[in-house]
Amino acid sequence: MSAFVIDAFEFCRNNGHREGVTPVVDMPRLAADCADKSGEIAWSIDGGQTRQGYPMLTLSVSGTVQLVCQRCLTPFGYEIDSSTELVLGKDDAEADEIEEILDDESIDVIVGSHTCDIRDLLEDEALLALPQAPKHEVCPDTKLLDTIKSEKVSPFAALKSLKSE
């Protein structure tokens, strides 16, 4: 059994803790969304219980990944720093019931597993921390983009020649 596979319920019952650093290249779904596969994600996972006694995992991920700016189309470093709480249910019905009882949009309720691969949970958390449309605060050099825009011929330019004077 892999060191990353845990019994999530037992991990929560024993207040388990694990932490580490995983290269982006080892997270294929995250790497696919990045400009390149450089960088590392530092992570931690803690087990515990909610005030109501439900098993709960607290996941934290942080690190810098390279994304492509949607404005200027150049890569830039994006800082991921995210944490979430996942409450565990034994099955879909119990997860739905717990979600109704907790009535808290900030807490996700999932179906737990006795053979949970925490790499999947950590990669999910890193993916959820990415912006939908990544952009620089201020794009560094827009000469290339400005050149493309200025060279672009208007689709209505041909109509101008048809206009009678």
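For residues that are among the polar types (S, T, N, Q) and at pLDDT below 75, scanning just the range 132-161, find the one that is farthest from the chain's Cα centre (by Cα).
Top of the filtered list is S161.
Kindly list the number of the only condition in (1) hydrophobic (A, V, I, L, M, F, W, C); (2) in contact (Cβ under 8 Å) with a residue 40 or more places away in the chain; (3) in contact with an Asp or Glu (Cβ under 7 Å, 6 or more places away or on another chain) that fails for F76.
For F76, the failing item is (3).
Can you name the helices (runs of 4 or more DSSP H) wholly within the range 1-110 that have at least 2 residues being in contact with a strand residue (DSSP E or B) (Cβ under 6 Å, 6 or more places away or on another chain)?
Answer list for the range 1-110: 8-13, 92-102.
Exactly one condition in (1) closer than 16 Å to R119 by Cβ; (2) in contact with a helix residue (DSSP H, G or I) (Cβ under 9 Å, 6 or more places away or on another chain); (3) of a type in the set (V, I, T) is not met by V21; state its number.
For V21, the exception is condition (2).
Quick one: would you say H114 is modelled with pLDDT under 90, out of contact with any Leu (no Cβ under 7 Å at 6 or more places or on another chain) and not in a strand (DSSP E or B)? Lay out the reasoning, then the answer.
Numbers: modelled with pLDDT under 90: no; out of contact with any Leu (no Cβ under 7 Å at 6 or more places or on another chain): yes; not in a strand (DSSP E or B): yes.
When the stated conditions are applied, H114 does not pass them.
Considering each residue of the range 89-135, count those that are open to solvent by less than 40 Å² (accessible area, probe 1.4 Å), aliphatic (A, V, I, L, M) and closer than 20 Å to Y54 by Cα, and give that number.
Of the residues in the range 89-135, 7 are open to solvent by less than 40 Å² (accessible area, probe 1.4 Å), aliphatic (A, V, I, L, M) and closer than 20 Å to Y54 by Cα.
Within the range 1-11, take every residue that is within 15 Å of L121 (Cα to Cα) and surrounded by 10 or more Cβ atoms within 10 Å (Cβ to Cβ) and give me the one that is modelled with the lowest pLDDT.
F4
How about the range 29-57: which of its residues are exposed (fewer than 15 other Cβ atoms within 10 Å of the Cβ), touching a residue at least 12 places away in the same chain (Cβ under 8 Å) and closer than 27 Å to L130 by Cα?
The answer is R29, D36, A42.
The values are calculated or read from the model by the stated rules, or taken from the named source; none is laboratory data. Computed from a predicted structure; not experimentally measured. Neighbour counts are summed over all protein chains in view; Cβ atoms, including those assigned to glycine, are modelled from backbone coordinates with ideal geometry. To get the accessible areas, we keep the full protein, side chains included, count just its heavy atoms, and leave off ligands, DNA and RNA. Shrake-Rupley method; radii C 1.70, N 1.55, O 1.52, S 1.80 Å.
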